[in-house]
Amino acid sequence: MLSRCIKRVAIIFLLLLIFLGDHPRDLIASPQLPNVVPEMERPEFWIGKIKNPTNQLLTPEEVEKMNEENLRKKDLHLCRIKDLREDWTEEEILSLLNEDWENFGRTAEVGYGKTEVPLGESFRNELRSKLNQKAIRESNRIVFGLVVRRTDIRVFPTDEPSPRHDGFDRFQHSSISPGSPVGIYHFSQDRGWVYVQTQIIRGWVRTDSLAIAKERSQVVDYEGTKDRLVVTGNFIHVYGDPSFQQSLFLSQMGDSFPLLGIPEMKIGNPCYVISVPSKEGDGRLTFRKGYIRQDEDVHRGFLSYTQANLARQAFKMLSHPYGWGDKLGGRDCSRFIMDLFRTFGILMPRNSKEQAGVGKNPGRVKGMSSREKRKVLDRAIPLATTLRLPGHIMLYLGADKGRHYVIHSLWGIQGSGKVETIGKVVVSDLSLGSKGPNGSLLDRITDMRTIGPSPQIQKEK
């Protein structure tokens, strides 16, 4: 069973590599799910149902205030790197490492490796030695850096997977984008990995994927630059030269970079110029220019937070392949939500359970009947409401002919007797899964959150 799951994951990821070899935004549409017609897979369908869809739901000042409030909520595990303290005791760093081990490294939790051979005690012992705990001093001063290429952030300093029963790698946290600031706690035994704190998660990344700043201010100033170019397309290319011959990296929706220049054809500048972090031979941080074609899907500053913009941004990711922890450029459900809201400057946690703690609560829905949930949804703000069920999160689109619809990155749904693989961002109605043993998506919703004004405030506007 495990072998078959892993093979299915491999097939999806192989298809994803084919997508990424050309351009990930050029995705192939596929047949719709039940109760979904082609028109529903276009943002204009849902925008047309909204009164005043271009009204601003939150001002930039309100977004900033909400971000500040969420940064103070410890259970959301968000971190502003410039606020990360520099001095840490041995006990504190060991506590972080031990927390990871308790959550992911227990014997009962470590599964199978790349060759589908069980990861036994020898693997666990090797993993413990890689943590390099003996090298942690009584008093430690962390250093700061910037990510120079897209990289995975792992639970432990290893590329060895630990697949769950569904084939997903439990050791995979997420991917981290170029330009992301990090605080560096500790190095692995072979110094090939670094234990870092990012804005959204803590874990291990490859040492060669980041550059270490000589001064903390280099990272703080880079992150704090106000004039930024925001990636509003699904993925875009960033080049190392203005003739677009040297590809630096792919950048995904929500990434942003300090803006150095805008396209000006009068002076022969056909591109955006941004500042991107680079790495010297000795690992030190430096900066270079990055170049983006003028016709790429980018925006100077964050987008205005409107329902129309939310719809257009969400549907740019339609059909993008599912990827647990962003493996091989895919998106899981919570990454879809996070990337969407990043384009508006809204900070979201990486985990779906924690994302359900962001925004206004329209009322407790856990334990409600499906009929009661539909009544709550009828009052919800389309495209600014997230819906969560255990292990999954979705964006509410609105209602059509008595059915309520969502857009979400979905791996599969439990049907009658088996899991039906979907493996991409889709539009579906909330009756999906009703024939399975766990009930429909609507039946299983436990949390609803409005990222914006309350429904009553929206009505008054």
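Coordinate-derived values only; no laboratory data. Only a predicted model underlies this, so the values are computations on that prediction, with no experimental measurement involved. When we count neighbours, we look across all protein chains shown, and the Cβ atoms used for this are built from the backbone with ideal geometry, even at glycine.
Here are a few things to note about the model shown:
- Shown is the FRET efficiency for S217 and R141, computed with R0 = 25 Å from the Cβ-Cβ distance and rounded to the nearest 0.05: 0.95.
- For region 392-403, the Karplus equation 6.51 cos²θ - 1.76 cosθ + 1.60, evaluated at θ = phi - 60°, returns couplings of 8, 9, 9, 10, 6, 9, x, 10, 8, 6, x, 10 Hz by residue, with Gly and Pro reported as x.
- Extension gain, T89 to Q189: 0.36 nm times the residue separation minus the Cα-Cα distance gives 34.1 nm.
- Spatially proximal aspartates and glutamates relative to K214 (Cα-Cα < 18 Å; intrachain offsets below 8 disregarded): D83, E86, D87, E223, E280, D282
- Net length available on complete extension from Q133 to R300 is 55.7 nm, with 0.36 nm assigned per residue and the Cα-Cα distance removed.
- A simple spin-label model places pseudo-atoms 7 Å from Cα toward Cβ; at D443 and R364 they are separated by 2.3 nm.
- The convex hull of the Cα atoms of the chain, projected and averaged over all directions, covers 23.1 nm².
- FRET E, pair K435, D282, Förster distance 45 Å, beta-carbon r, rounded to 0.05: 0.15
- By average C-beta atoms within 10 angstrom, highest first, the peptides 75-84, 277-286, 188-197: 188-197, 75-84, 277-286
- Within region 384-407, backbone nitrogen closer than 14 Å to the virtual label 7 Å beyond the Cα of R164 toward Cβ: 389-393
- Pairs from the table (K49/K373; K130/K327; K74/K360; K82/K226; K353/K373; K51/K366) lying more than 26 angstrom apart at Cα are K51/K366.
- Long hydrophobic helices in the chain, taken as whole DSSP H segments with a C-alpha length of 15 Å or more on their own axis and mean Kyte-Doolittle hydropathy at least 1.6: 2-22.
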